[in-house]
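The numbers here are math on the coordinates, done by the rules we state, and not lab data. Treat the numbers as computed from the prediction; the structure is a model and nothing was measured. Neighbour counts run over all protein chains shown; Cβ positions are idealised from the backbone, glycine included.
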Amino acid sequence: MYDQNNVFAKIARGEIPCDAIVENEYALSFNDINPLFETHVLIIPKGPYENILDFTANATAAQQAGFWDCFRQTAKKLGIENNFNIFANSGADAPFFKQSVFHFHLHLVSGSRREELFKAVSEICS
C-alpha cells in the first residue's frame, strides 16, 4: 500500500525542500542528494504511485504525458539530451539497486561516475 508520508510524496507536496530543476502540474525533477554521477537527477510524478508498473497502469494519460514532458525538459535544461542513462528500481529485493523510497521515480544520470557508485556496486557484488 502506498505510504502518503514517504519522502518523495512530501517533496511533491512541497513539505520538504528540494533542489528543483523542472516542475509542472504532474511531475517534478530535482537533484539527488546522494549523487552517484556528475549529473544525477530524480524525476517523480506528483501522484501516489509506488513503482513504474503502478504508474503505467494507473496514471491518467495526462499524468503520464506530464511526467514525460518533465523528463524531456529536464534533460534539455541540463544539456544532456544526447548522453544519459535512466533507471528505475522496483521492490525492496530488486537484484541490482533496491528501491528504498516506494514512490515511483526515475534516476536520470550523465557525466562522470562518482566514487560513491563504485562503493555501492562493490557492496552489491560482495
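Rounded to the nearest 0.05, the FRET efficiency derived from the C-beta distance between N6 and E115 at R0 = 30 Å is 0.60.
The count of lysine pairs in the stretch 7-125 whose Cα atoms are under 27 Å apart, excluding pairs fewer than 8 places apart on the same chain, comes to 8. Taking R0 as 25 Å, what's the FRET efficiency between N82 and A57 from their Cβ-Cβ distance, rounded to 0.05? About 0.25, to the nearest 0.05. Largest first, the three principal axis extents of the alpha carbons in the chain are 40, 35, 26 Å in whole numbers. Applying Stokes-Einstein at 20 °C and 1.002 mPa s to the Kirkwood radius of the stretch 43-96, computed over alpha-carbon pairs, gives a translational diffusion coefficient of 171 µm² s⁻¹.
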